[in-house]
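K.L.:
Please read through the structure below; I'll follow up with questions.
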Amino acid sequence: MDTIKFYSVNDLSIGYQLQNAEKIINDFDKNKKYTMEEILELYNITKYVDNNLFLKKWNTAYIEKVKNVIKDMKFIIFKYMDNNLTNEKFEKILNDVPNQYINDFFELFEKKIEKVNIADDIFIKAICKKKASLYYVLHFKKIVKKYDSEIRKVMFQDVTNSTEIMIKKYYINEEKNKEIELPSSLTNEDKEKILIRYIDNKNANLNYVRIIAKIQSNKDMIEISDKTKLKACRKVVELENKIFNKKSGIEYSYIVKFDDRQQIEKIEKMEGNQWIYSYSKRWIEENKDDFATLLNNFIYLFNVTDFEGRIELVNKKHEAGVLERFMNLKLLKAYNPNLSFNHKKTVSLLQLNAYYDQLNRLNIRLEDVIEWFFNSYLKENFKIENFSISMPSKDSTFFEKCKSVLPEIDHILKEYKYYVEDGQVDPELVSMSSEHMFFKDIPSKVKNKYVYLKNNDYNNLIDYYFFSDQCMLAYLENLDKKYDNFFKLIVKENIKYNDYPKYDKEDLDWLIKEKIIFENDKGFLKIKNEERIMIYAELHYKEVINYWKKSEKIRNEIKQMIKEDKLEIESSLFSRNEQDYFNFYLNMSEFIDGYDIRNSNLHGTQIGDRKSDIHYSRYLQIVLLIVLIIIKINDDICSSESESYLEKI
């Protein structure tokens, strides 16, 4: 029989665990001689009862009996610990603890800390021998305090474990890592020395070295010198070369081209492991004098935004694959770009590179098109005066172009901010302001623009049941066709309640009770409120809804969900995930894994000499960011003047 383990009050295995615990409770003998493993199993059983978790079949009388047995169990548990937490026995009993119970062992150890007097050298020798135990020891503040200086010594002895523990504490986004307590005697200098020794280790993990290379010095976390960061950066290159030289991965290639024989505007396809994006050269030539069309090509040809004005290039959680979600380290204060994001980034830069070159062949500078939008288009179409931008000259190097164009991003954001706030752009006010622009602070002309899902248990359950590829409601053995979530299954198939095994019916019962799904007159399970589930679906896949782009029926449902505290609505030029996207590229104030293009170019800390190709690549990325800002500004102004919006405000 499987050993019993308590994970949390919300764990899905509670019923299964209690069924196994029932026999042990019934057979419990306080006179039996228990092993260390059995004692820890009994301790886990007591946690279920202490949290009032019982099987439904247990009646009141039986539950009282269980509670009395638990009292006897606790007496045996603590008596065992009292008898074995001695200098003579400590190393042996720790060695006898199964890995799944190490945390429970130290939890009990801490409860007895005031009475325990294990010598420092014996304690340290034991946890060094039991290699997995250091991480768990550091979750118990009282133990760390008692053996502070000795634990510091262990951390220097085991730099691999120690480095990964420190990185987990400060940079890995998992709840259990917040509880890690480092010894107070471990100085920042100590931490850096441990990291340096880890970098020098031939078995250093690439993922952790990458994090060290991105560390931003913080006295409350880890402060490291630029030399240490450079050492980590070089180690990253060394490890990547070693890994990728083995040719163990799958190679993908991209072709982006403009074809003078192609009639239709675009063809996008995949052949084998090659992505092909082909565009009509004739289409570009026929519209070369129409700057509006040349900008619209970013939407309709290159799909950098969808038709509702949302930037498509952003990092989206649902686009991460199963292996990515479970294997990749999720960093705190990090953008954590997934493979899909990197694919979109690669394609968008290749598209821009080919487009930039194609326009140059037609004697059109994309920089001139961008200037036209601010200097002419806004005035001619919306009567907005005094917008301006100064793009780099044709003859400047790409290094110079990067340095000169970056301040223009702040400039146009200031102009738009003052335009929204004052109804006009005052050039003197813009030039006088030294305020740094944050993307989250740029307002919109549209009230109640972006809708987001509130983070609460109810919404998390709906998202899990309908859209998770880990939810078992998506899988039915009697169906030939497979679906990766329950939403697609229930929309496309006629399924019945009794098609599901017993263990899935509790989930269906909850969805029926909450009036999310129902059984129709033919006995098929159907969605009760289709508009509501479509809203949940869009928020799952897009992460944001542009409120005024929706039908009145959907808007009414959104308003009802806001009243029910399921959704929230805000107004800004950029949605939250768009704000993150810009911050990821331009600075490191939000994300430690960002490109920091703004600061590195303006302060001269960019990698490569001034003729390096990296400056061309960076310049293209900056131009793309400016084009995206143009699309967002144009969409915002158009939305504020649309009939559906004006009718409702």
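The values are calculated or read from the model by the stated rules, or taken from the named source; none is laboratory data. Just so it is clear, the model here is predicted, and its values are computed rather than measured. As a convention, Cβ positions derive from the backbone with ideal geometry for all residues, glycine included, and neighbour counts pool all protein chains shown.
K.L.:
State which residue is nearest to S184 (Cα to Cα) when the search covers only the range 114-138 and only residues that are modelled with pLDDT of 90 or more and in a loop (DSSP other than H, G, I, E, B).
P.N.:
Only one residue fits best here, namely L138.
K.L.:
A follow-up question, please. Return a yes/no flag: does the range 465-481 have any residue that is part of a helix (DSSP H, G or I), hydroxyl-bearing (S, T, Y), surrounded by fewer than 16 Cβ atoms within 10 Å (Cβ to Cβ) and in contact with a helix residue (DSSP H, G or I) (Cβ under 9 Å, 6 or more places away or on another chain).
P.N.:
Residues of the range 465-481 that are part of a helix (DSSP H, G or I), as a first pass: 465-467, 472-474.
Still in the running and hydroxyl-bearing (S, T, Y): 465.
Now restrict to residues that are surrounded by fewer than 16 Cβ atoms within 10 Å (Cβ to Cβ): none.
No - not one qualifying residue is present in the range 465-481.
K.L.:
Then there is this: Look through the range 509-561, keep the residues that are β-branched (V, I, T) and without any contact (Cβ under 8 Å) to a residue 24 or more places away in the chain, and return whichever of them is farthest from A320 (Cα to Cα).
P.N.:
So in the range 509-561, the residues β-branched (V, I, T) come out as 512, 516-517, 527, 533, 535, 544-545, 554, 558.
Narrowing further to those that are without any contact (Cβ under 8 Å) to a residue 24 or more places away in the chain: 512, 554.
Values: I512: 30, I554: 28 Å.
The extreme case among them is I512.
K.L.:
Name the single residue, out of those in the range 563-576 being surrounded by fewer than 18 Cβ atoms within 10 Å (Cβ to Cβ) and touching a residue at least 40 places away in the same chain (Cβ under 8 Å), that is nearest to L646 (Cα to Cα). First the steps, then the outcome.
P.N.:
Here is the first cut: in the range 563-576, the residues surrounded by fewer than 18 Cβ atoms within 10 Å (Cβ to Cβ) are 563-565, 568-571, 576.
Filter once more, keeping what is touching a residue at least 40 places away in the same chain (Cβ under 8 Å): 565, 568-571, 576.
Details: D565: 26, E568: 22, I569: 18, E570: 18, S571: 16, R576: 25 Å.
Filtering the range 563-576 for residues that are surrounded by fewer than 18 Cβ atoms within 10 Å (Cβ to Cβ) and touching a residue at least 40 places away in the same chain (Cβ under 8 Å), the one nearest to L646 (Cα to Cα) comes out as S571.
K.L.:
Do we find a residue being farther than 27 Å from E543 by Cα and of a type in the set (G, A, S) anywhere in the range 413-429?
P.N.:
Yes - at least one qualifying residue is present in the range 413-429.
K.L.:
Here is a follow-up. I'd like to check something: does the range 495-503 contain any residue that is in contact with a strand residue (DSSP E or B) (Cβ under 8 Å, 6 or more places away or on another chain), surrounded by 13 or more Cβ atoms within 10 Å (Cβ to Cβ), in contact (Cβ under 8 Å) with a residue 24 or more places away in the chain and under 30 Å from Y645 (Cα atoms)?
P.N.:
In the first step, residues of the range 495-503 are kept if they are in contact with a strand residue (DSSP E or B) (Cβ under 8 Å, 6 or more places away or on another chain); the result is 495-497.
Next, only the ones that are surrounded by 13 or more Cβ atoms within 10 Å (Cβ to Cβ) stay: 495, 497.
Retained after the next criterion (residues that are in contact (Cβ under 8 Å) with a residue 24 or more places away in the chain): 495, 497.
Remaining after also requiring under 30 Å from Y645 (Cα atoms): none.
No, the range 495-503 contains no residue that is in contact with a strand residue (DSSP E or B) (Cβ under 8 Å, 6 or more places away or on another chain), surrounded by 13 or more Cβ atoms within 10 Å (Cβ to Cβ), in contact (Cβ under 8 Å) with a residue 24 or more places away in the chain and under 30 Å from Y645 (Cα atoms).
K.L.:
Here's another thing I want to ask about it. List every residue pair whose Cβ atoms sit under 6 Å apart, with the two residues 6 or more apart in sequence or on different chains, where the first one lies in the range 89-116 and is within 17 Å of E41 (Cβ to Cβ) and β-branched (V, I, T) and the second, anywhere, is surrounded by fewer than 17 Cβ atoms within 10 Å (Cβ to Cβ) and at pLDDT 90 or above.
P.N.:
I93/N84
K.L.:
For K23, indicate whether it is under 23 Å from C128 (Cα atoms), at pLDDT below 95 and either assigned to a helix (DSSP H, G or I) or not small (G, A, S) (or both).
P.N.:
Values: under 23 Å from C128 (Cα atoms): no; at pLDDT below 95: yes; either assigned to a helix (DSSP H, G or I) or not small (G, A, S) (or both): yes.
Judged against the criteria, K23 is not a match.
K.L.:
For the range 294-319, how many residues meet the condition of being surrounded by fewer than 16 Cβ atoms within 10 Å (Cβ to Cβ) and more than 28 Å from the chain's Cα centre (by Cα)?
P.N.:
Adding up the residues that qualify gives 2.
K.L.:
When the range 147-188 is examined, which residues are found to be of a type in the set (V, I, T) and at pLDDT 90 or above?
P.N.:
From the range 147-188, those of a type in the set (V, I, T) are 151, 154, 159-160, 163, 165, 167, 172, 180, 187; that's our starting set.
Residues satisfying the conditions are I151, V154, V159, T160, T163, I165, I167, I180, T187.
K.L.:
Same structure, new question: Go through the range 38-73 residue by residue and tally those that are touching a residue at least 24 places away in the same chain (Cβ under 8 Å) and surrounded by fewer than 15 Cβ atoms within 10 Å (Cβ to Cβ).
P.N.:
Just the residues of the range 38-73 that are touching a residue at least 24 places away in the same chain (Cβ under 8 Å), to begin with: 39-48, 51, 53-55, 66, 69-70, 72-73.
From the residues that got through so far, the ones that are surrounded by fewer than 15 Cβ atoms within 10 Å (Cβ to Cβ) too are 51, 72.
The number of residues fulfilling the criteria is 2.
K.L.:
Can you find a residue in the range 578-588 that is in the same structural domain as K333 (by TED's automatic domain parsing), surrounded by fewer than 17 Cβ atoms within 10 Å (Cβ to Cβ) and under 30 Å from Y170 (Cα atoms)?
P.N.:
Looking for residues that are in the same structural domain as K333 (by TED's automatic domain parsing), surrounded by fewer than 17 Cβ atoms within 10 Å (Cβ to Cβ) and under 30 Å from Y170 (Cα atoms), one finds none in the range 578-588, hence no.
K.L.:
So which residues in the range 301-351 are part of a helix (DSSP H, G or I), in contact (Cβ under 8 Å) with a residue 40 or more places away in the chain, more than 23 Å from Y450 (Cα to Cα) and in contact with an Asp or Glu (Cβ under 8 Å, 6 or more places away or on another chain)?
P.N.:
V322
K.L.:
Name every residue in the range 243-300 that is of a type in the set (K, R), outside any helix (DSSP H, G or I) and out of contact with any strand residue (DSSP E or B) (no Cβ under 8 Å at 6 or more places or on another chain), in order of residue number.
P.N.:
So the first thing to find is which residues in the range 243-300 are of a type in the set (K, R), and the list is 246-247, 257, 261, 266, 269, 281-282, 288.
Remaining after also requiring outside any helix (DSSP H, G or I): 246-247, 257, 261, 266, 269, 288.
K246, K247, R261, K288 - these are the residues of the range 243-300 that are of a type in the set (K, R), outside any helix (DSSP H, G or I) and out of contact with any strand residue (DSSP E or B) (no Cβ under 8 Å at 6 or more places or on another chain).
K.L.:
Does L12 count as modelled with pLDDT under 95 and either among the basic types (K, R) or in contact with a helix residue (DSSP H, G or I) (Cβ under 9 Å, 6 or more places away or on another chain) (or both)?
P.N.:
Values: modelled with pLDDT under 95: yes; either among the basic types (K, R) or in contact with a helix residue (DSSP H, G or I) (Cβ under 9 Å, 6 or more places away or on another chain) (or both): no.
No: the conditions fail for L12.
K.L.:
Let me ask you something else. From the list F90, F106, F6, pick out the single residue that is among the aromatic types (F, W, Y) and out of contact with any Ser or Thr (no Cβ under 9 Å at 6 or more places or on another chain). Walk me through how you get there before you give the answer.
P.N.:
Details: F106 fails: out of contact with any Ser or Thr (no Cβ under 9 Å at 6 or more places or on another chain); F6 fails: out of contact with any Ser or Thr (no Cβ under 9 Å at 6 or more places or on another chain).
Step by step, each of F90, F106, F6 is checked, and only F90 is among the aromatic types (F, W, Y) and out of contact with any Ser or Thr (no Cβ under 9 Å at 6 or more places or on another chain).
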